[in-house]
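What follows is one structure encoded as structure tokens, with my remarks underneath.
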Ligand code: SF4
């Protein structure tokens, strides 16, 4: 017990270093600028949890916390797919969530993009062999425009992925 207590006091925390505010601000501003140029307005994101363990959601929620505070750059998460430009999908797509995901996609106006975030959404990871999940993740159900790997992807990974999506030439 004493050993554990000593280790707890002397070891450094098992958390990753936060990005600098300058790095974060540069990324978020670039993302908002490209979204404004492409869409004529700031990017609106609808997050869809298609059976995630919620690890990915913790990272996505972090984008709204006091440190990241994405809304100060104009980016926002919306409650309705009818207001969204991007569907940010996490989780392996459980069979029970398949129809909800398709309905959410159908309710999203064009132009729209689908981003599969996290290893599970890519059809890999801890749930890949489960009888309760689609084989192949989000791409088995919808056309995926961008994948953001990671278990879970960090907030900066998510921002970089969304920026890459907005910088892609239109097809
Ligand atoms: S990628 Fe990792 S954190 Fe995200 S839903 Fe799958 S197991 Fe959870």
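Laboratory data are not the source of any read-out in this text; all were calculated from the coordinates shown. Not measured: the values here are computed from a predicted model. No Cβ is skipped: glycine too gets one built from the backbone with ideal geometry, and neighbour counts run over all protein chains shown.
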When the residues of the stretch 37-58 are filtered to those that are assigned to a helix (DSSP H, G or I) and more than 14 Å from residue 84 (Cα to Cα), which remaining residue is farthest from the ligand (Cβ to nearest atom)? 37
Residues of the stretch 78-97 satisfying the condition of being in contact with a helix residue (DSSP H, G or I) (Cβ under 9 Å, 6 or more places away or on another chain) and surrounded by fewer than 17 Cβ atoms within 10 Å (Cβ to Cβ): 80, 82
Filtered residue count, the stretch 78-123, keeping only those that are under 16 Å from the mean Cα position of the chain (by Cα) and not in a helix (DSSP H, G or I): 21
Could you list all residues from the stretch 21-52 that are touching a residue at least 40 places away in the same chain (Cβ under 8 Å) and on the phi > 0 side of the Ramachandran plot? 51
Matching entry among 106, 129, 124 (being surrounded by fewer than 20 Cβ atoms within 10 Å (Cβ to Cβ) and closer than 14 Å to residue 149 by Cα): 124
Please work out if residue 73 is exposed (fewer than 14 other Cβ atoms within 10 Å of the Cβ) and closer than 20 Å to residue 32 by Cα. no
